[in-house]
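**Student:** First the structure, then my questions, so here it is.
The values are calculated or read from the model by the stated rules, or taken from the named source; none is laboratory data. Not measured: the values here are computed from a predicted model. When we count neighbours, we look across all protein chains shown, and the Cβ atoms used for this are built from the backbone with ideal geometry, even at glycine.
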Amino acid sequence: MNVTSILSSTQITEKVRILVVEDEYILSMNLQETLELLGYTVLDIIDTAETAIEKAGELLPNLVLMDIQLRGEMDGIQAAELIWNRFQIPVVYITGHSDKNTVKRANMTFAFGYILKPVKEQQLYVAIQTALNRHQREQLSQSQRLNLLKNNFLATASHEMQMPLLNIKMTISVLENILEREGILNSELLSPFESVAGYITIMRQQCEEGLDLVNILLSLQMIDTDAYPLELTSFQLQEWLPHLSLYFRELARSQKQIFQVSIPQNLPPMVSDLGVVTKIISELLNNACKYSPPDEEIKLTVQIIDITKSVINKDEESDMRTNAQVPFFEITISNSGVIIPKKDQSRIFEPFYRIPYNNFWKIGGTGLGLTLVKKFVECLQGTIEVTNIKDCTRFTVLLPLSLSDLSS
């Protein structure tokens, strides 16, 4: 296979940057020519191990082609070991030495490939691509291991934090009852800010915030491991949503905001997890109340829309998939007077992400609310998106009419 056939059968979609370490001038020039014909970028050609280490740290190539026998006190194997340990850059050896001792030393340095001179273009190409693919897989594997460790830590830490916080919450309630019986809780000699009741309120609020964070972390971990228990029940949105929104209506009124609910009375029943749907709507309404300025409008609407989905035709013996119109509940929560910049819309569902211009010290929160909302929506086989319409921010949640039917 020649260079032309290699390029015709493999598309190099991204320039791979290679550092060549070779002290034979003619061979290094031939290597550069072949590499560039293969579509790679040669960053530099180095002839000593010491300089190779320095240049690897400076240029950060995707891969190093390393001759083993180099002029100077240090050889290519020693240089490759240092380059890998310091910069995690894969190294492919090019050498005319194939004795057992050399191969053994090379393999002890996390070698990603070994090419014997004279170098053939097909052999060079295969060695480079194999090394790059192996490096990519190992990085992915390491990332997965780190994510697993992180999830295990969060799960363990959350469980360990939950019990002390619950004990603190119970102790606060007991202390409050004792102080009230003793007539110390609301002393007339102290201002409201200095009273024992005021300090107990602060402790209770901080304890509740800590418990909320722990519960969110536990929920996220359970969803990520497909261990979150769903309890399906049938309920009417037109009856349940107005009841749920009463608290937020009062909250909006106290903040001089306008709160509107628009729900048709002829909606079919929804079969889903009522607790999860409650958490989704509550978080979105709470955010709308939190971020809307006075005299602005918060609106909750529901309607039925048809979504084209790929479904299995049960009448066909071969379980053929066809496109069909499937009805979904479209629940929208919008608030005027504030918009989310386009560049932030794709990131607001990321854990702990906060829009830079918001004063999160004043607004508060964990930065995990929308992350949990998105995961809950997906757990119910729905979707959520955020858009700006004029001076309004709109969250649109699509949920199936019946989760049990969709699952089957």
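**Student:** Which residue pairs have Cβ atoms under 7 Å apart, sit 6 or more places apart or on different chains, and have a first residue in the range 319-348 that is outside any loop (DSSP other than H, G, I, E, B) and a second that is among the charged types (D, E, K, R) and crowded, with 17+ Cβ neighbours inside 10 Å?
**Tutor:** Sorted first by the residue in the range 319-348, then by its partner, the pairs are Thr332/Arg394; Ser334/Lys299; Ser334/Arg394; Asn335/Glu296; Ser336/Glu296.
**Student:** May I pose another question? Quick test of your reading of the structure: Glu239 fulfils all but one of (1) out of contact with any helix residue (DSSP H, G or I) (no Cβ under 6 Å at 6 or more places or on another chain); (2) within 24 Å of Ser292 (Cα to Cα). Name the failing condition by number.
**Tutor:** (2)
**Student:** Can you tell me how many residues within the range 55-73 are at pLDDT below 90 and either out of contact with any strand residue (DSSP E or B) (no Cβ under 7 Å at 6 or more places or on another chain) or in a strand (DSSP E or B) (or both)?
**Tutor:** Going through the range 55-73 one residue at a time, the tally reaches 2.
**Student:** Now for a separate question. Looking at Phe235, Phe248, which one is surrounded by 18 or more Cβ atoms within 10 Å (Cβ to Cβ), aromatic (Phe, Trp, Tyr) and touching a residue at least 12 places away in the same chain (Cβ under 8 Å)?
**Tutor:** One residue alone meets the criteria, Phe248.
**Student:** Name the one entry in Asn133, Asn167 that is at pLDDT 80 or above, surrounded by fewer than 14 Cβ atoms within 10 Å (Cβ to Cβ), on the phi < 0 side of the Ramachandran plot and in a helix (DSSP H, G or I).
**Tutor:** Asn133
Every residue, every condition in (1) in contact with a strand residue (DSSP E or B) (Cβ under 9 Å, 6 or more places away or on another chain); (2) at pLDDT 70 or above; (3) not β-branched (Val, Ile, Thr), yes or no:
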| site | (1), (2), (3) |
| --- | --- |
| Ser310 | yes, no, yes |
| Thr322 | yes, yes, no |
| Gln325 | yes, yes, yes |
| Thr332 | yes, yes, no |
| Val338 | yes, yes, no |
| Pro341 | yes, yes, yes |
| Gln345 | yes, yes, yes |
| Gly367 | no, yes, yes |
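**Student:** Something else now. So which residues in the range 87-104 are under 33 Å from the mean Cα position of the chain (by Cα) and at pLDDT 90 or above?
**Tutor:** Once the filter is applied, which keeps residues that are under 33 Å from the mean Cα position of the chain (by Cα) and at pLDDT 90 or above, the range 87-104 yields Ile89, Pro90, Val91.
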